[in-house]
1. Can you name the number of the only condition in (1) among the polar types (S, T, N, Q); (2) without any contact (Cβ under 8 Å) to a residue 24 or more places away in the chain; (3) surrounded by 17 or more Cβ atoms within 10 Å (Cβ to Cβ) that N95 fails?
2. Counting just the residues of segment 48-63 that are surrounded by fewer than 17 Cβ atoms within 10 Å (Cβ to Cβ) and within 14 Å of I7 (Cα to Cα), which one comes out nearest to the chain's Cα centre (by Cα)?
3. Give the residue that is farthest from the chain's Cα centre (by Cα), with candidates limited to residues of segment 22-43 that are of a type in the set (G, A, S) and closer than 22 Å to K89 by Cβ.
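Every number here is computed from the coordinates shown, using simple stated rules; none is lab data. Just so it is clear, the model here is predicted, and its values are computed rather than measured. Quick reminder, even Gly has a Cβ in these numbers, built from the backbone with ideal geometry, and neighbours come from all protein chains shown.
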Amino acid sequence: MVALVIIALTAGAFGAIAWGVDKHRTTFGALLPAGAAVVAAELVWMATMALRLDTSPATAWIPWILSMVVGGAVAWAVAGYVGRTRHAKAVARTNEILAMH
């Protein structure tokens, strides 16, 4: 249970960092990349536990590291994709409004 909490906190921190450094962060909330990172990290952790990768000392590190890496990657991907697409849509909408006048 402690592993789930530590992985969730680490993935959430990656999500907060991804939101903080994104230049389009005003277009989406701070919890979006953090939440996506936590969900992805926990799903990877559950999958690696189901594959019994924690039973051998040689592979016991895989659930921890892989979960944190996937959580960080998902946080950066969500922040990058959502920020850029929403910014592009907002600019297009603003241009439409300005073209009417």
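1. The number of the failed condition is (3).
2. Among them, the one singled out is I62.
3. Among residues in segment 22-43 that are of a type in the set (G, A, S) and closer than 22 Å to K89 by Cβ, the one farthest from the chain's Cα centre (by Cα) is G29.
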